[in-house]
Amino acid sequence: MEKIQKILNKGLEEYLGKNKVIGYKQKVVKAIRNCKTEKMGAHKYVCDECGYEEIAYNSCRNRHCPNCQMTKKLKWIEARKEEVLNVKYYHVVFTIPSEIYNIAYQNQEKMYKIMFKASSETLQELAKDKKYLGGEVGFFSILHTWGQNLMYHPHVHIVVTGGGLTETNKWIERVMSKVFRGKFMHYMRREKLEFFNKMKEFENPVIYNELIQNLYQKDWVVYCKEPFKNAESVIQYLGKYTHRVAISNERIVGIEGEEVKFKWRDYKDNNKMKEMKISIEEFIRRFMMHILPPNFMKIRYYGILGNRNKKKKLLKCKILTR
């Protein structure tokens with residue numbers, strides 16, 4: 001049995017007894033706990049030559065399960081190989097200020113959609129500007145909601161074709177930041193958001209408008225990493241991000257009594273790898289924060305990689321970039 005399953009076996013029932021957990025999240029963690037066990041049922045393999053039989057337990061196939069992602073990841077990467085162009089690709093990350101983390105968590109589907117919409121429109125708008133490219137780029141976006149310490153940190157990773165770059169081979173991050181901030185705040189103000197517990201104060205229009213004004217004054221973090229060397233390196237890189245879950249079994253060092261120890265990278269301290277120890281209850285709480293709403297698409301495609309453009313525009317680009 002994998003480490004995350006052991007943690008859930010040890011502490012899930014007690015956690016659910018103490019805390020009110022929405023139904024779909026309960027369903028997910030119970031599926032992960034039972035993955036590839038007798039509770040999920042089984043299927044039989046029989047050798048045609050010697051008649052040897054072997055029983056294999058069924059997997060849960062949940063997208064949040066670290067045990068079930070490898071096959072999905074390999075299939076996804078294989079499909080993307082046909083779409084990679086012989087050009088530079090860039091990795092751009094859009095983040096939102098910590099001041100609205102709680103609002104985002106209480107309005108996940110609405111706020112995550114705004115993140116996708118605002119970040120995609122930012123890239124497309126700047127790419128179409130003749131000052132940068134004057135054309136259409138292709139990219140896909142992936143939503144992640146966690147930091148290395150398993151705390152809530154919603155952000156969007158985008159892998160984009162390298163056409164819309166300045167002469168210094170770098171997107172103007174400050175411009176992207178301002179455009180993204182403006183678009184995000186525009187769509188956020190149009191949404192009817194819900195506020196619970198300590199966030200109830202934002203139902204007061206005066207307090208809510210103060211928050212909005214403060215967010216407009218902040219510098220939002222958008223950054224672009226160095227371009228990939230070639231198409232092959234893009235493919236390898238995709239596997240790291242597309243089907244990643246909040247934490248892998250490999251990062252868990254051990255379970256000691258009622259505590260869990262896991263490895264994490266501290267980006268604020270020169271990317272040092274460290275170990276953190278938290279209670280099983282806190283581990284389960286953090287893990288469940290990153291369970292997405294049912295049927296929510298966490299990978300989305302835009303521009304020449306959009307579904308309606310793949311047959312014509314992407315094919316044309318592949319011919320031009322051979």
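The values are calculated or read from the model by the stated rules, or taken from the named source; none is laboratory data. This is a predicted model, so every value here is computed, not measured. Counting neighbours? That spans all protein chains shown, and the Cβs are built from the backbone with ideal geometry, glycine included. Just the protein is used for accessible areas: all its heavy atoms, side chains included, with ligands, DNA and RNA removed. Shrake-Rupley method; radii C 1.70, N 1.55, O 1.52, S 1.80 Å.
Couple of notes before you dig in:
- Stretching residue 225 away from residue 81 to a fully extended chain increases their span by 49.7 nm, per 0.36 nm per residue minus the current alpha-carbon distance.
- Highest average packing first - 279-287, 234-242, Cβ atoms within 10 Å: 279-287, 234-242
- For residue 272, the lysines whose Cα comes closer than 22 Å to its Cα, not counting residues fewer than 8 places off in the same chain, are 225, 240, 261, 263.
- Working note: Karplus 6.51/-1.76/1.60 with θ = phi - 60° gives region 50-55 the couplings 9, x, 4, 10, 9, 9 Hz, where Gly and Pro are set to x.
- Largest accessible area first, the listed residues 48, 269, 219 line up as 48, 219, 269 when surface is computed with a 1.4 Å probe on the assembled protein chains.
- Per-atom-type breakdown for the chain gives carbon and sulfur 49% of the accessible area (1.4 Å probe, protein chains only).
- Under a 5 Å amide H cut-off, with hydrogens placed 1.01 Å from N, residue 279 pairs with 260 among residues at least 5 apart or on other chains.
- Here's how it looks for residue 305: its modeled amide H is under 5 Å from those of 139, which are all 5 or more places away or on a different chain.
- In the chain, helices alone account for a calculated mean residue ellipticity at 222 nm of -12000 deg cm²/dmol, with every DSSP H run of four or more residues adding -39,500 (n - 2.57).
- When the chain is described by a simple charge dipole with +1 on each Lys and Arg Cβ and -1 on each Asp and Glu Cβ, the residue from 120, 215, 106 located farthest towards its positive end is 120.
- Sequence-ordered 3J(HN,Hα) estimates for region 30-46 from the Karplus curve with 6.51, -1.76 and 1.60 and θ = phi - 60° stand at 5, 5, 5, 4, 9, 4, 6, 10, 4, 5, 8, x, 8, 9, 10, 9, 10 Hz, glycine and proline given as x.
- The HN-Hα couplings worked out from phi for region 257-273 by the Karplus form 6.51 cos²θ - 1.76 cosθ + 1.60 (θ = phi - 60°) are x, 9, 10, 10, 10, 9, 8, 8, 9, 8, 5, 7, 10, 6, 6, 5, 7 Hz, whole numbers, x standing for Gly and Pro.
- Multiplying the residue separation of residue 194 and residue 38 by 0.36 nm and removing their Cα-Cα distance gives an extension gain of 52.1 nm.
- Near residue 153, the amide H atoms lying under 5 Å from its own belong to 146, 147; only residues 5 or more places off or on other chains count, and H is placed 1.01 Å from N.
- Test item: Cα-centred dipole of the chain, Lys/Arg +1 and Asp/Glu -1 on Cβ, debye: 1000
- Among the listed options (1) 21.2; (2) 17.1; (3) 14.1, the one matching mean projected area of the Cα convex hull in nm² as calculated from these coordinates is (1).
- Restricting the chymotrypsin sites (Phe, Trp or Tyr not before Pro) of region 1-52 to loop positions (DSSP other than H, G, I, E, B) with no more than 11 neighbouring Cβ atoms within 10 Å leaves 52.
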